[in-house]
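Peer 1: One structure is given below, represented as structure tokens, and several questions about it will come after.
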Amino acid sequence: MPITQDLRKTVVDLTETKPVYAVAGFGDLAVHTMRQAGEKLRALRVEPKELQDRATERVEAVRTAVGELPDTAQARAHELVGQVEETYDELAARGQKLIKRIRREPAVKDAVHQVKVAEAKAKAAGTTARKQAARTRTSAKATGTTARTSAAHTRSAAKAAGTSARKAAEKTVTAVEVAAEQVGA
């Protein structure tokens, strides 16, 4: 399998999974929450006396809650399991939306186009190399010395074509990463 097809399959496999969507959704939610928290902190201004009264009330509430802790803990554990599953699904959905939005970005579309162009060039280089190898085999039957020289040139050209295709694929991957970072920023 050519490196570009393998790379494309890996990227698709990685970005089409629920855990990846969940991580992307979590990151998006974290940014959103931090922005809201900053706004709320700026709005809060509390007097020391008010803080002392709140602390006293909380101490009394904690004393009461300690007695009810075993029953409360078990009920809360069951509730949290359900919330975790629900939150995971919500984060996965949010991440999936984010990834779809990123894929619609012009920079990402351009990067995908570059990958396709690089893949086509790599395929053409491979076809050219195979055809040249066939010609070389025919010439080798006619003249051994000429064939050895021609084969050496062909190997060099095939290696250069492979190196060129690999470098093009690497540049494309880098372009995709940069575009994804730009979209995420």
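The values are calculated or read from the model by the stated rules, or taken from the named source; none is laboratory data. Here the structure is a predicted model, which means the values were calculated and not measured. Don't worry about glycine lacking a Cβ; one is built from the backbone with ideal geometry, like all the others, and counts go over all protein chains shown. Keep in mind that these areas ignore ligands, DNA and RNA; they rest on the heavy atoms of the full protein, side chains included. Shrake-Rupley method; radii C 1.70, N 1.55, O 1.52, S 1.80 Å.
Peer 1: Determine how large the accessible area of residue 80 is when every protein chain is in place; take a 1.4 Å probe and give Å² rounded to the nearest 10.
Peer 2: The value for residue 80 is about 70 Å².
Peer 1: In nanometres, what is the gap between the two model label sites at residue 17 and residue 105, each 7 Å from Cα along Cα-to-Cβ?
Peer 2: Inter-label distance under the simple model: 2.2 nm.
Peer 1: If you don't mind, another one. Where a Cα-Cα gap under 22 Å defines reach, which lysines qualify for residue 97, not counting those fewer than 8 residues away within the same chain?
Peer 2: Straight-line reach from residue 97, under 22 Å: 9, 18, 109.
Peer 1: Just to confirm the filter: which GluC sites (Glu not before Pro) across region 60-131 are DSSP coil and have at most 16 other Cβ within 10 angstrom of their Cβ?
Peer 2: For GluC sites (Glu not before Pro) across region 60-131 that sit outside H, G, I, E and B with at most 16 neighbouring Cβ atoms in 10 Å, the list reads 68.
Peer 1: Using a 1.4 angstrom probe with every protein chain in place, what is the largest-first accessible-area order of 23, 117?
Peer 2: Details: 23 105, 117 55 Å².
From most accessible down to least: 23, 117.
Peer 1: Shifting gears a bit: Among the trypsin sites (Lys or Arg not before Pro) in region 86-127, which ones are in a DSSP loop with at most 10 other Cβ atoms within 10 Å of the Cβ? Mind listing them?
Peer 2: Numbers: sites: 94, 97, 100, 101, 103, 104, 109, 116, 121, 123; in loops: 104.
Hits after loop and neighbour filter: 104.
Peer 1: Run the 1.4 Å probe and let me know the accessible area of residue 131, rounded to the nearest 10 Å².
Peer 2: 120 Å²
Peer 1: At 1.4 Å probe size, with no ligands or nucleic acids counted, give the accessible surface of residue 130 in Å², nearest ten.
Peer 2: Looks like 150 Å² after rounding.
Peer 1: Each label point is 7 Å from the Cα along the Cα-to-Cβ direction; what then is the distance between the points at residue 52 and residue 171, in nm?
Peer 2: Inter-label distance under the simple model: 7.1 nm.
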